[in-house]
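Here's the structure, in structure tokens; my notes come after.
The values are calculated or read from the model by the stated rules, or taken from the named source; none is laboratory data. Quantities reported herein were computed from a predicted structural model and do not represent experimental measurements. Glycine also receives a Cβ, built like all others from the backbone with ideal geometry; neighbour counts cover every protein chain displayed.
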């Protein structure tokens, strides 16, 4: 009987250790500098996308009024199909010329595996940018400053 209990405890312990090592993630400070534009605050969503460009996870949302989420058209299609509680990863929108510093968490297994961080942006009554900035999740991509194509001037990540 003792050997059965010991075996069961050992098996449980091994399972817990293997689960912990397979689910490791790292935190990154994400500094986003906006372009100087005139208008309302931009709504920006930071998403994890796979090698095929499909959305897998919402990492951060800049803009907390849910009625404007539909202006982030491509992300909203994903979010509508798989609604999640994003209140813990939501902050204020960002206006022209401002800087935003947030923390995002990325699964370590996604690094150097074809994944990207996509920054999608929209401003009321102005142009929508499906890919305002996109950072390849590679060692080099994470370490580089990434230029934006719309409302975002640049994005920089630093591992915490």
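Only residues that are buried (at least 17 other Cβ atoms within 10 Å of the Cβ), farther than 16 Å from residue 102 by Cβ and touching a helix residue (DSSP H, G or I) at 6+ places or on another chain (Cβ under 8 Å): list them for the stretch 46-71, please.
55, 69
Table: residues versus (1) in contact with a strand residue (DSSP E or B) (Cβ under 8 Å, 6 or more places away or on another chain); (2) closer than 20 Å to residue 154 by Cα; (3) in a loop (DSSP other than H, G, I, E, B).
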{"site": "29", "(1), (2), (3)": "yes, yes, no"}
{"site": "33", "(1), (2), (3)": "yes, yes, no"}
{"site": "43", "(1), (2), (3)": "yes, yes, no"}
{"site": "47", "(1), (2), (3)": "yes, yes, no"}
{"site": "52", "(1), (2), (3)": "no, no, yes"}
{"site": "64", "(1), (2), (3)": "yes, no, yes"}
{"site": "69", "(1), (2), (3)": "yes, no, no"}
{"site": "74", "(1), (2), (3)": "yes, no, no"}
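State whether one or more residues within the stretch 117-137 are part of a helix (DSSP H, G or I) and surrounded by 16 or more Cβ atoms within 10 Å (Cβ to Cβ).
Within the stretch 117-137 (the criterion being part of a helix (DSSP H, G or I) and surrounded by 16 or more Cβ atoms within 10 Å (Cβ to Cβ)), the answer is no, since none of the residues qualifies.
Go through 141, 97 for me and flag whichever is in contact (Cβ under 8 Å) with a residue 60 or more places away in the chain and not in a strand (DSSP E or B).
Residue meeting the stated conditions: 97.
Scan the stretch 10-45 for residues that are within 20 Å of residue 142 (Cβ to Cβ) and either loosely packed, with under 10 Cβ neighbours inside 10 Å or at pLDDT 95 or above (or both) and jot them down.
Selection gives 24, 25, 26, 27, 28, 29, 30, 31, 32, 33, 44, 45.
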